Amino acid sequence: QDQLVESGGGLVQAGGSLRLSCVASGRASSTSAMGWFRQAPGKEREFVASITRGGLYRYYETSIKDRFTISRDNDKNTVYLQMNSLKPEDTAVYYCASSWDINTMPRAVADYWGQGTQVTVSS
């Protein structure tokens, strides 16, 4: 089955940290890139970070670049998003995605999507 399953979301105070995980299966685990996106209430889904299959290239949305780190473990078909120094404006549903073309991800376009995990940052 082609799917992505996220975990690791929750409630955290401002300044805290969370680590999101996403396990891929089926064809979703065979793509050339994986990434994270988020959608806050009343806003469109936006790109957060992406990583190529070998992990050599990583891309970040500008506002989170110095706080979030994307990584992957291909042996486990898993991609991670380490989020530090969280702010209330980081509150959103975070989605994992995989794509055959990493260049589409900044436009929030991907081939496979997870169901999302809620991250809430309290002030």
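The values are calculated or read from the model by the stated rules, or taken from the named source; none is laboratory data. All values derive from a computational prediction rather than experimental measurement. Glycine also receives a Cβ, built like all others from the backbone with ideal geometry; neighbour counts cover every protein chain displayed. SASA here: full protein model, heavy atoms, side chains in, ligands and nucleic acids out. Shrake-Rupley method; radii C 1.70, N 1.55, O 1.52, S 1.80 Å.
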Q) What are the chymotrypsin sites (Phe, Trp or Tyr not before Pro) within region 19-123 that DSSP puts in a loop, where the Cβ has at most 11 other Cβ atoms within 10 Å? A) Tyr57
Q | Reachable lysines, given that their alpha-carbon falls under 28 Å from the alpha-carbon of Lys76 and they are not under 8 places away in the same chain | A | Lys65
Q) How big is the Rg/Rh ratio for the chain, C-alpha atoms only, Rh by Kirkwood, two decimals? A) 0.94
Q | With every protein chain in place, the chain: carbon and sulfur % of accessible area (1.4 Å) | A | 46
Q | Surrounding net charge for Arg27, when Lys and Arg each add one and Asp and Glu each subtract one, Cβ distance under 12 Å | A | -2
**Q.** Sum of side-chain charges, Asp90 neighbourhood, beta-carbon under 9 Å (Lys, Arg +1; Asp, Glu -1)
**A.** +2
Q) Just the accessible area per residue of region 48-123, please: how many Å² with a 1.4 Å probe? A) 51
